[in-house]
Amino acid sequence: MEKILDKIKESNKIIITSHISPDGDAIGSGLGLYLGLKKTFPEKKIDFILQDSVPKNLKFLKGSDEIKKLDELKEKESYDLALVVDSANLDRIGKVKELIEDMFIINIDHHISNPKYGNLYLVRDISSTSELIFNLLKTWNINIDLSMGESIYTGIVNDTGNFSHDNTTKETFTIAGELIELGVNNSKIAKDFYFSRSYVGIKLLGKAFEEMVFIPEKKFTYFYLSYEDLEKLGGTKEDTEGLVEEINSLLESEVSLFLRGEPDGKIKGSMRSKRDVDVNKIAGLFGGGGHIKAAGFSTGLNAMEIIEIVKNNL
Ligand SMILES: [Mn+2]
């Protein structure tokens with residue numbers, strides 16, 4: 001943690017980035033770090049740049065309008081330090097990888113599949129990268145203000161399923177308690193974040209419930225959404241957020257798989273596990289990874305091939 005701070009102190013142009021299809025932890029941890037560093041080092045140029053846009057249900061976070069989208073950058077800036085948060089590997093940051101490849105890279109993450117890439121890394125198996133950012137800011141004696149606190153709290157809510165997953169520890173609750181003491185409104189954040197599906201998103205949820213397949217012998221539920229069907233409904237990948245958890249809410253289901261066709265013909269897979277199945281391992285069969293109970297991958301195989309492989313490994 002001290003080495004990371006030393007590196008930040010000696011750098012003048014810093015880029016913070018995170019993964020494609022950013023979720024609450026990607027935005028929450030990146031924004032918490034961004035706001036903290038900007039306040040502490042006003043003389044430095046600090047940018048938070050992502051390949052994709054900030055999802056609608058995270059725009060309530062103060063400072064999220066300062067997050068820059070890669071292809072909207074006017075000119076190619078040069079930076080001397082890249083802080084990559086919540087990204088299990090460098091491919092996860094998409095096209096931002098080309099921008100930072102030759103820079104000094106610091107990898108700050110909580111995925112067990114993280115191979116500890118970068119010139120410096122801080123990888124801890126805890127609830128969320130946001131929890132890690134809280135610890136970093138505290139260690140660095142950076143005063144966490146309400147905006148930073150809301151970002152961090154939202155990241156924790158995202159990755160713990162609002163404190164319901166088994167990655168939620170006593171420490172996670174202690175941090176949440178401190179954030180609430182700071183003025184974070186837990187009820188407002190839960191509502192802003194969760195009760196915010198788009199119309200298309202609700203329709204997609206209906207389609208998923210209608211078309212999902214449950215295999216009782218394997219306690220396995222899956223749903224495949226082709227790119228054509230997503231387009232027909234006028235939806236984007238953002239509208240499919242959370243589907244993989246919803247189909248696993250079936251009483252008898254222990255593992256769920258959501259497959260989504262991408263414009264380039266590849267398929268993006270997301271998996272969730274309610275009990276003992278290690279989906280990080282299964283996602284690894286397709287070159288992906290994540291956590292034991294939540295993981296993802298991207299592959300050139302077709303949907304039937306993917307479902308067969310997953311079934312055979314349950
Ligand atoms: Mn995370």
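Just Ser249, Ser187, Ser198 to compare: in a GNM of the chain, with alpha carbon springs under 10 Å, which one fluctuates most?
Residue with maximal mean-square fluctuation among Ser249, Ser187, Ser198: Ser187.
Each residue of the range 203-208 in order: what ³J(HN,Hα) in whole Hz does its phi give by Karplus 6.51 cos²θ - 1.76 cosθ + 1.60, θ = phi - 60°, with x for Gly and Pro?
Each residue of the range 203-208 in turn: 4, 5, 4, x, 4, 5 Hz.
Between helix 24-40 and the chain, what is the angle of the helix's C-alpha long axis to the longest principal axis, kept within 0 to 90° and rounded to the nearest 10?
0
I'd like the orientation of helix 129-139 relative to the chain: the angle between its Cα long axis and the longest Cα principal axis, in ° from 0 to 90, rounded to 10.
20
Can you work out the Karplus-derived ³J(HN,Hα) for every residue in the range 6-22? Use 6.51 cos²θ - 1.76 cosθ + 1.60 with θ = phi - 60°, whole Hz, and x for glycine or proline.
4, 5, 4, 4, 8, 9, 10, 10, 10, 10, 10, 8, 8, 6, 5, 6, x
So how far apart, in nm, are the two label points at Tyr194 and Glu211 if each is 7 Å from Cα heading toward Cβ?
Calculated label separation equals 2.7 nm.
What net charge is computed for the residues neighbouring Glu252, neighbours being all others with C-beta under 12 Å from the C-beta of Glu252, Lys and Arg scored +1, Asp and Glu -1? Mind showing how you got there, number by number?
On the way: positive: Lys218, Lys219, Lys274, Arg275; negative: Glu217, Glu254.
That works out to +2.
Which GluC sites (Glu not before Pro) from the range 70-125 combine a DSSP loop assignment with at most 13 other Cβ atoms within 10 Å? All intermediate terms of the calculation are to be shown ahead of the outcome.
Values: sites: Glu72, Glu75, Glu77, Glu98, Glu101; in loops: Glu75, Glu77, Glu101.
Hits after loop and neighbour filter: Glu75, Glu77, Glu101.
Please give the per residue volume of the convex hull enclosing the alpha carbon atoms of the chain, rounded to a whole number of Å³. Please report the intermediate quantities before stating the final value.
Details: hull volume 40.5 nm³, N = 314.
Given the Cα convex hull of the chain, per-residue volume reads 129 Å³.
Count neighbours as other Cβ atoms within 10 Å of each site's Cβ, and list the GluC sites (Glu not before Pro) in the range 200-301 that are DSSP loop with at most 16 such neighbours.
Working: sites: Glu210, Glu211, Glu217, Glu228, Glu231, Glu238, Glu241, Glu245, Glu246, Glu252, Glu254; in loops: Glu241, Glu252, Glu254.
Taking the range 200-301 and a limit of 16 other Cβ atoms within 10 Å, the loop GluC sites (Glu not before Pro) found are Glu252.
Sort Met1, Met304 by accessible area with a 1.4 Å probe, largest first. Provide the component values of the computation, followed by the final result.
Values: Met1 60, Met304 120 Å².
From most accessible down to least: Met304, Met1.
Which of Met271, Met148, Met212 moves the most in a Gaussian network model of the chain with Cα springs under 10 Å?
Maximum fluctuation in the GNM of the chain, among the listed residues, is at Met212.
Among the listed pairs Lys170/Lys268; Lys45/Lys268; Lys170/Lys281; Lys44/Lys95, which have their C-alpha atoms separated by more than 30 angstrom in this model?
Numbers: Lys170/Lys268 34 Å; Lys45/Lys268 35 Å; Lys170/Lys281 27 Å; Lys44/Lys95 24 Å.
Violating the 30 Å limit, Cα to Cα: Lys170/Lys268; Lys45/Lys268.
Using a 1.4 angstrom probe on the protein heavy atoms only, line up Phe195, Phe209, Phe223 by accessible area, largest first. Don't skip to the answer; put the middle values down first.
Values: Phe195 170, Phe209 100, Phe223 5 Å².
Most to least solvent-accessible, the answer reads Phe195, Phe209, Phe223.
Using Cα atoms only, what is the angle between the long axis of helix 303-312 and the major principal axis of the chain, expressed in degrees (0 to 90) to the nearest 10?
Around 90 degrees separate the two axes.
Take the Cα pairs of the range 22-74, get the Kirkwood Rh, then feed it into Stokes-Einstein at 25 °C and 0.890 mPa s and tell me D in µm²/s. Spell out each step's value before the answer.
Values: Rh = 11.5 Å.
For these conditions, the coefficient is 213 µm²/s.
Based solely on its DSSP helices, what 222 nm [θ] is calculated for the chain when runs of n ≥ 4 H residues each add -39,500 (n - 2.57) and the sum is averaged over all residues, nearest 500 deg cm²/dmol? Could the numbers behind the result be given before it?
Values: 12 runs with 117 residues, N = 314.
Mean residue ellipticity, 222 nm, calculated: -11000 deg cm²/dmol.
Which whole-percent values make up P(r) of the range 1-158 when all C-alpha to C-alpha distances are grouped in 10 Å steps starting at zero?
In whole percents, the pair-distance histogram is 12, 47, 38, 4.
What percent does the relative contact order of the chain come to when contacts are Cα pairs within less than 8 Å and at least six residues apart?
Numbers: 597 pairs, mean separation 43.3, N = 314.
Rounded, it is 14 percent for the chain.
List, in order, the whole-Hz ³J(HN,Hα) value for each residue of the range 282-293 obtained from phi through the Karplus relation with A = 6.51, B = -1.76, C = 1.60 and θ = phi - 60°; use x for Gly and Pro.
Whole-Hz 3J(HN,Hα) from phi for the range 282-293: 5, 4, x, 4, 10, x, x, x, x, 10, 4, 9.
Just from the alpha-carbon atoms, what are the Rg and Dmax of the range 199-312 in angstroms?
Cα radius of gyration and Dmax of the range 199-312 are 13.0, 37 Å respectively.
Over 29 Å between Cα atoms, which of Lys97/Lys232; Lys13/Lys116; Lys191/Lys311; Lys62/Lys266; Lys232/Lys293 qualify?
Details: Lys97/Lys232 31 Å; Lys13/Lys116 23 Å; Lys191/Lys311 36 Å; Lys62/Lys266 35 Å; Lys232/Lys293 32 Å.
In this structure, Lys97/Lys232; Lys191/Lys311; Lys62/Lys266; Lys232/Lys293 exceed 29 Å between Cα atoms.
For the range 131-164 and the range 1-72, compute the distance between their C-alpha centroids and round to whole Å.
14
Return the loop-located trypsin sites (Lys or Arg not before Pro) in the range 66-97 (DSSP other than H, G, I, E, B) with at most 14 other Cβ atoms within 10 Å of their own Cβ; answer none if there are none. Spell out each step's value before the answer.
On the way: sites: Lys68, Lys69, Lys74, Lys76, Arg92, Lys95, Lys97; in loops: Lys74, Lys76, Lys95.
Here the sparse-neighbourhood loop sites are Lys74, Lys76, Lys95.
Using a 7 Å offset from the Cα along the Cα-to-Cβ direction at both Glu181 and Ser164, what is the distance between the two label points in nm, to one decimal?
Label-label distance for Glu181 and Ser164, simple model: 2.8 nm.
The values are calculated or read from the model by the stated rules, or taken from the named source; none is laboratory data. Keep in mind the model is a prediction, meaning the values are calculated, not measured. No Cβ is skipped: glycine too gets one built from the backbone with ideal geometry, and neighbour counts run over all protein chains shown. Ligands, DNA and RNA are excluded from the accessible area calculation, which covers all protein heavy atoms including side chains. Shrake-Rupley method; radii C 1.70, N 1.55, O 1.52, S 1.80 Å.
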